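Following: one structure in structure tokens, then a few remarks.
Readers should treat all values here as calculations from the given coordinates under stated rules, not as data from a laboratory. Fair warning: this is a prediction, and the values are worked out from it, not measured in the lab. Cβ coordinates were reconstructed from backbone atoms using ideal geometry, including for glycine residues, and neighbour counts include every protein chain displayed.
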Amino acid sequence: MTFKTPDLCDEFESELGKTVRVVAPMFQRYGGRTSFSGQIVTLKIFEDNSLVREVFGEDGKGKVLVIDGGGSLRCALVGDQLAILANKNGWEGVVVYGCIRDSGDINGIDIGVRALNTHPQKTLKKGVGDKNVAVTFGGVTFNPGEYLYADEDGVLVSGKALI
């Protein structure tokens, strides 16, 4: 399934209303996939990635994990072991409003990753956070069950499947 986010913007934005919402250009690109899309699953966490492991342990075929990490730049929420687990379980990609680590290794894994930056330190493990709640960052609210499209030009969110 190939797409270009500029083409999706052109096709689904009109004067009558927007079908797509464009996320502010704030993310760095990592992972072996330059583009990815899927149905959104959300996590709202802060400096604790216990729930990321739990979610990536589930079937992720056709899904993208959106992690609201509060924009923290003090530790990494996803590393190579979690990316391997996500790939093994079929996840299309992950968008992290926070940091990742092991970026060189993640770049060799067939998964799409967007994150604010990298950080070498791991998180605490308290098991605290919320799953499948609306999260907002980058000027967009991400609702569970909506659709995310990411490529070299940006990240879009839509209430319906576009392709």
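How large is the dipole of the chain about the Cα centre if only Lys and Arg carry +1 and Asp and Glu carry -1, each at its Cβ, rounded to the nearest 20 debye? Could the numbers behind the result be given before it?
Working: 18 positive and 21 negative charges, 113 e Å.
Charge dipole of the chain: 540 debye, to the nearest 20.
Counting helices only, and only those DSSP H runs with n ≥ 4, report the 222 nm mean residue ellipticity of the chain as the sum of -39,500 (n - 2.57) divided by its residues, in deg cm²/dmol to the nearest 500. Don't skip to the answer; put the middle values down first.
Numbers: 4 runs with 28 residues, N = 163.
Result for the chain, helices only: -4500 deg cm²/dmol.
Once you treat every alpha carbon in region 1-97 as an equal point and sum by Debye, what is log10 I(q)/I(0) at q = 0.13, 0.17, 0.18, 0.22 Å⁻¹?
The computed values of log10 I(q)/I(0) come out as -0.51, -0.83, -0.91, -1.22.
Compute the signed sum of charges (Lys and Arg +1, Asp and Glu -1) over the other residues within less than 13 Å, Cβ to Cβ, of Lys125.
Details: positive: Arg53, Lys122, Lys126; negative: Glu47, Asp48, Glu54.
In short, 0.
So how far apart, in nm, are the two label points at Glu152 and Glu11 if each is 7 Å from Cα heading toward Cβ?
Each label point is offset 7 Å from its Cα along the Cβ direction, giving 1.9 nm.
How far apart, in nm, are two points set 7 Å out from the Cα along the Cα-to-Cβ line at Glu54 and at Lys88?
Each label point is offset 7 Å from its Cα along the Cβ direction, giving 1.9 nm.
Excluding same-chain residues fewer than 8 positions from Lys122, which lysines have a Cα within less than 24 Å of its Cα?
Excluding near neighbours in sequence, the set is Lys44, Lys88, Lys131.
Report the calculated FRET efficiency for Ala134 and Asp105 (r = Cβ-Cβ distance, R0 = 35 Å), to the nearest 0.05. All intermediate terms of the calculation are to be shown ahead of the outcome.
On the way: r = 32 Å, r/R0 = 0.91.
The value I calculate is 0.65.
Please tell me the relative contact order of the chain in percent, rounded to the nearest whole number, where contacts are Cα pairs under 8 Å and at least six residues apart.
Values: 421 pairs, mean separation 55.3, N = 163.
About 34 percent, as a whole number.
Quick check: residue separation of Gln81 and Met26 times 0.36 nm, minus the Cα distance between them. What number comes out in nm? Present the calculation step by step, with values, prior to reporting the outcome.
Values: separation 55, 0.36 × 55 = 19.80 nm, distance 2.45 nm.
Extra length from Gln81 to Met26 when fully extended: 17.4 nm.
Considering amide H positions built from the backbone, and no H for Pro or chain starts, which residues 5 or more places from Ala115, or on another chain, come under 5 Å of its amide H?
Residues meeting the criterion, in which the H sits 1.01 Å from N, are Gln28, Tyr30, Val96.
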